[in-house]
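Comments concern the structure below.
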């Protein structure tokens, strides 16, 4: 399975969105693999980390995100569950769960219900070591058209998460303590 071929099937060829999502995935992969190197004793699956990092935002292709060149019908907050659906159809259930569980710092069913988010009401929290690493690594990079966007500071990450309450902030800080 070549993650880049799956991305190319989901985004228009040569589109800005394909380039943006691919570059973002490469940045997330690099950070995730560096964390895996520090966690060698836990034996994280490096090949899976790289593949899943490249694919974790595949669902963005179906969202209404014109700032990155996506003109779908779905709200951006749904890109994780949309990605899960895409990758399950491709026979990649493990990768699919990364899509769903990386959004924010993961979400509980109660948080989804309380905030009235347009998502299935179920826990979408990272469970495996690899899911946790990717959820953490993703927060350091935005999807922009820039070639090398700056790495987000911890303060910027926390400010973004705080919009959804203190629970995701606490989850991210716990991940950061393990993987930074």
Filter result for residue 47 (surrounded by fewer than 16 Cβ atoms within 10 Å (Cβ to Cβ), assigned to a helix (DSSP H, G or I), out of contact with any strand residue (DSSP E or B) (no Cβ under 7 Å at 6 or more places or on another chain) and at pLDDT 95 or above): yes
Could you pull out the residue among 33, 55 that is surrounded by 14 or more Cβ atoms within 10 Å (Cβ to Cβ) and over 13 Å from the mean Cα position of the chain (by Cα)? 33
Helices (runs of 4 or more DSSP H) wholly inside segment 82-180 containing at least 1 residues that are surrounded by 13 or more Cβ atoms within 10 Å (Cβ to Cβ) and under 16 Å from the mean Cα position of the chain (by Cα): 93-101, 129-138, 154-162, 166-179
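Could you please let me know if residue 93 is in contact with a strand residue (DSSP E or B) (Cβ under 6 Å, 6 or more places away or on another chain), closer than 24 Å to residue 46 by Cβ and modelled with pLDDT of 95 or more?
For residue 93, the condition - in contact with a strand residue (DSSP E or B) (Cβ under 6 Å, 6 or more places away or on another chain), closer than 24 Å to residue 46 by Cβ and modelled with pLDDT of 95 or more - is not met.
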Cβ-Cβ under 7 Å pairs, at least 6 apart or on other chains, segment 65-91 side on the phi > 0 side of the Ramachandran plot and in contact (Cβ under 8 Å) with a residue 24 or more places away in the chain, far side part of a helix (DSSP H, G or I) and surrounded by fewer than 17 Cβ atoms within 10 Å (Cβ to Cβ): 69/16
In this structure, is residue 99 in contact (Cβ under 8 Å) with a residue 40 or more places away in the chain and in contact with a strand residue (DSSP E or B) (Cβ under 6 Å, 6 or more places away or on another chain)? no
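The values are calculated or read from the model by the stated rules, or taken from the named source; none is laboratory data. Treat the numbers as computed from the prediction; the structure is a model and nothing was measured. Neighbour counts run over all protein chains shown; Cβ positions are idealised from the backbone, glycine included.
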